[in-house]
1. Testing Ala63 on (1) open to solvent by 20 Å² or more (accessible area, probe 1.4 Å); (2) within 30 Å of Leu8 (Cα to Cα); (3) among the aliphatic types (A, V, I, L, M), one condition comes back false. Which one is that?
2. Taking only pairs six or more apart or across chains, which ones have beta-carbon atoms under 9 Å, a first residue in region 105-130 that is closer than 19 Å to Cys91 by Cβ, and a second residue that is among the small types (Gly, Ala, Ser) and in a loop (DSSP other than H, G, I, E, B)?
3. In region 33-55, which residue that is open to solvent by less than 10 Å² (accessible area, probe 1.4 Å) and part of a loop (DSSP other than H, G, I, E, B) is nearest to Thr107 (Cα to Cα)?
4. Among (1) in a strand (DSSP E or B); (2) open to solvent by less than 30 Å² (accessible area, probe 1.4 Å); (3) over 24 Å from Ala377 (Cβ atoms), where does Ala30 come up short?
5. I'd like to verify a number: residues in region 118-155 that are aliphatic (A, V, I, L, M), closer than 22 Å to Ala106 by Cβ and either modelled with pLDDT under 95 or in a loop (DSSP other than H, G, I, E, B) (or both), how many?
6. Quick check, is Gly292 part of a helix (DSSP H, G or I), out of contact with any His (no Cβ under 7 Å at 6 or more places or on another chain) and without any contact (Cβ under 8 Å) to a residue 60 or more places away in the chain?
7. Look at Ala373 and say whether it is aliphatic (A, V, I, L, M) and over 21 Å from Pro274 (Cβ atoms).
8. For region 387-412, give me each residue that is surrounded by 22 or more Cβ atoms within 10 Å (Cβ to Cβ) and among the hydrophobic types (A, V, I, L, M, F, W, C).
Amino acid sequence: MTAPSGALIRIGETLELDVERVGHGGICVAHAPDGRVVFIRHAIPGERVVVRVTESKKSFLRADAVEVLDASPDRVEPPCVFAGPGRCGGCDWQHVSVPAQRALKATVVREQLQRLAGLDLPVEVEELPGAPDGLGWRTRVRFAVDRNGVVGFHKHRSSQIEPIDMCLIAHPLVNELGVPTKSWPGATDVAVAVGAVTGDRLLDAMGDGKRRPHVPWLDAPTGVLVDGVRLGGRTTIREEVAGRGWRVSGTGFWQVHPAAAETLVDAVRAGLDPQPGERLVDLYAGAGLFAGALSPGLSSVVAVESHFGAVSDARRNLAELASVSIVQGAVEDSLAGLGTADLVVLDPPRSGAGAVVVAGIAALRPRRVAYVACDPAALARDIKTFAAHGYDVVSVRAFDLFPMTAHVECVAVLAPSGSP
């Protein structure tokens, strides 16, 4: 049923719309006959589509494109059979060619910087090596489990689970475990982490609101076979980045694209241009990636992290580096005691650093700040706050760490206003 112009538009009704532009969060924007904004999934700017309304609010609608009347030249057949309206919510852009996905993400980053930070900068989303088709890259996957023990992923903005038999964006080492092909009665989630270079694999099954006993899955030549998979005693994943080894626990933070960690280290190093004898502060340090990779030649490095598991990983990874010290605590509470710094790198959560942290960083008077951001809107808001404290943007780079999804990683470099 198509709602006529001027009629009350209800959930489940269909509309024929012209798609105007891309929006933040894997959606495109159009306008309904009643003037409300419509946020559409599974569309591409410039298309004419039939949409089915999935949510109706006073000021906006949400909808899925269920029929394409005039297709964009960038439209492709989604490679995954579980992608599409009303199905798995994990991927936003499977219906878009991979180069066009990067162009859409660049538009989003540029628009967020313009709207929220008042910056008009050229943006190119850079491709990472290893996944030219946008598939087979995700080394950490959390599967959802329904009440019958069937594995899948949540549908978009829903608690309902779409059963799957494999995930095309998951790394081959993840899919080899065959998690969706097994039954998991009593579990609510199954989390898998793999090391793309080392071949290490970990699996955790969760249920009843609490973590179940740890069950590692290994390729080791010894161990007990369960359903054709060897079980062993490993509790960490080995990674290799920046010419050194790392160990990360299954609950610890690590970038999910195999090339992401090396790419970000290179971008941060290029942006900061560390000089011998300088002092670096690494905020939201996680397992210690930037602190460890950038420490050679520096006089001292302070890594600040609040998560207990991540701090344990960082202490293990950085133990042999005499120049590195670790502070366990919230970043906003720790900054005042750090003195001064020549360089700062921060990799905050998706919500961004916030005004208190930005002010604390500015008080350290670093000559360069490298801000690693997984959300361009949060980055833009914090850049505006940095400007109020006398720090200007030197450069912004964007990277396609999450092909097939709307997510994009940015590295912004800031410096005191007027500095060379």
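1. (1)
2. Listed by first residue and then by second, the contacts come to Lys105/Ala406; Val108/Gly25; Val108/Ala406; Leu128/Ala259; Gly130/Gly136; Gly130/Ala196; Gly130/Ala259.
3. Only one residue tops the list, namely Ile44.
4. The one condition Ala30 does not meet is (3).
5. Let us first name the residues in region 118-155 that are aliphatic (A, V, I, L, M), namely 119, 121, 123, 125, 128, 131, 135, 141, 144-145, 150-151.
After this cut, where a residue has to be closer than 22 Å to Ala106 by Cβ as well, the list is 119, 121, 123, 125, 128, 131, 135.
Filter once more, keeping what is either modelled with pLDDT under 95 or in a loop (DSSP other than H, G, I, E, B) (or both): 119, 121, 123, 128, 131, 135.
Residues flagged as aliphatic (A, V, I, L, M), closer than 22 Å to Ala106 by Cβ and either modelled with pLDDT under 95 or in a loop (DSSP other than H, G, I, E, B) (or both) within region 118-155 amount to 6.
6. Values: part of a helix (DSSP H, G or I): yes; out of contact with any His (no Cβ under 7 Å at 6 or more places or on another chain): yes; without any contact (Cβ under 8 Å) to a residue 60 or more places away in the chain: yes.
Yes; evaluated as a whole, the condition is true for this residue.
7. Values: aliphatic (A, V, I, L, M): yes; over 21 Å from Pro274 (Cβ atoms): no.
No: the conditions fail for Ala373.
8. Within region 387-412, Val396, Ala398, Phe399, Leu401, Phe402, Met404, Val408, Cys410, Val411, Ala412 meet the criteria.
The values are calculated or read from the model by the stated rules, or taken from the named source; none is laboratory data. Please read all numbers here as calculations on a predicted model, not as lab measurements. Virtual Cβ from ideal backbone geometry, glycine too; neighbours counted across all protein chains shown. The area values use the complete protein model at the heavy-atom level, side chains included, leaving out ligands, DNA and RNA. Shrake-Rupley method; radii C 1.70, N 1.55, O 1.52, S 1.80 Å.
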